[in-house]
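Where a number appears in this text, it was derived from the coordinates with a stated rule and is not lab data. Keep in mind that what you see is a predicted model, and the values were worked out from it rather than measured. We place every Cβ from the backbone using ideal geometry, glycine too, and count neighbours over all the protein chains shown.
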Ligand code: APR
């Protein structure tokens, strides 16, 4: 039987998620939005059905505002909420989006209790924490999509600076999804060659800074709204690893219970994604400077979670 992917939120990111999921034939896709946006998501779904003959996929795509339609979903990807506008930081979104996520969590718990859940709504780390608290789902069933995107941004900036194929850049960004995130140049390689051996400190610092501010750079360029192609693709990579039991090791926002000295907080760490969901968190031996950066990002995430009062 075909798998089923439920997309909660059918806006900018939701529509690209639907397209990518269909193009990869990950399963049938249901796009759910609020009643006011039911017709637009129905329209997007119909448009995607009409793309199928040339897109070479048989996935069925539908739009709805009724949670009954997500019943039996294998994967739920959540983008419901407001995106960041220019001049707004992710924390400004907190008040509005927390109420939305609580509502979504109640409904996912009721209608798709076995689904692997990937959350994109910002401020990400706090929204994942809230979703997990409200649903009470096992920790392997809930991740946030942030590190996968932050790492993609880091890799693409390095490729742009160094003039090498992005395919050969292996690296990781840990921590919260915000300016305190922790790219790890010490562990970055270009086709097996350590980055620190071929790039100057100035270049590395420039890329690290640009990675930390990458979301804001796009918000400024767009004027309204935030990034959508790359967040959608990053979430699909996680979903695919789960659905196909690929065993990708991806930086995801996962529940830490002692790892990296972090307790009871969702934060970006390397995760093994299999048919069991976020099966394992890998711990990396960090140096003192990296440990301090992890402490700073942990405190920033904790502050936002505390503001949620959940
Ligand atoms: N249930 C379902 N959908 C909702 C709800 C809700 N309670 N509240 C809002 N939505 C829908 C909106 O109607 C809209 O269609 O969520 C969609 C969000 O889409 P956009 O506004 O286009 O935002 P997008 O760019 O997709 O970003 C979504 O992901 O990366 C984060 O910061 C970003 O928090 C934002 C989220």
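The stretch 239-310 and the stretch 213-237 have their alpha-carbon centroids 21 Å apart. Relative to the dominant Cα principal axis of the chain, helix 288-308 is inclined by about 30°. Put a dot 7 Å past the Cα of residue 1, heading toward its Cβ, do the same for residue 68, and the two dots end up 1.8 nm apart.
Ordering 120, 187, 94 from the fewest to the most neighbouring beta carbons within 10 Å gives 187, 94, 120.
Principal axis extents of the Cα atoms in the chain, from largest to smallest and rounded to whole angstrom, are 52, 46, 39. Secondary structure note: in the stretch 118-208, about 75% of the DSSP beta bridges are antiparallel.
Counting alpha carbon pairs within less than 8 Å and at least 6 residues apart, what relative contact order, in whole percent, applies to the stretch 110-195?
Relative contact order comes out at 22 percent.
The helix-only estimate of mean residue ellipticity at 222 nm for the chain, built from DSSP H runs of length n ≥ 4 each weighted as -39500 (n - 2.57), is -14000 deg cm²/dmol after division by the residue total. Taking other Cβ atoms within 10 Å as a rough exposure proxy, 127, 298, 1 sort from fewest to most as 1, 298, 127.
Each of 234, 200, 65, 226 was scored by other Cβ atoms within 10 Å of its Cβ. Arranged with the fewest first, they read 200, 65, 226, 234. Please report the antiparallel percentage of the DSSP beta bridges confined to the chain, to the nearest 5. The antiparallel fraction comes to roughly 50 percent.
The mean sequence separation of alpha-carbon pairs under 8 Å and at least six residues apart, normalised by the residue count of the stretch 147-308, gives a relative contact order of 23 percent.
Note on the stretch 105-226: the C-alpha convex hull projects to 9.0 nm² when averaged across all orientations. Helix 94-111 and the long axis of the chain differ in direction by around 50°, with both axes built from C-alpha atoms.
Over all pairs of different C-alpha atoms, the stretch 24-122 has a mean inverse distance whose reciprocal, the Kirkwood radius, equals 14.8 Å. Shape class of the stretch 147-308 from the alpha-carbon gyration tensor: rounded, with the ratio a/c of largest to smallest axis under 1.5. Helix 38-55 and the longest principal axis of the C-alpha atoms of the chain enclose an angle of approximately 80°.
Centre-to-centre separation between the Cα atoms of the stretch 51-67 and those of the stretch 134-166: 26 Å. Taking all Cα pairs closer than 8 Å and separated by 6 or more residues, the relative contact order of the chain comes to 17 percent.
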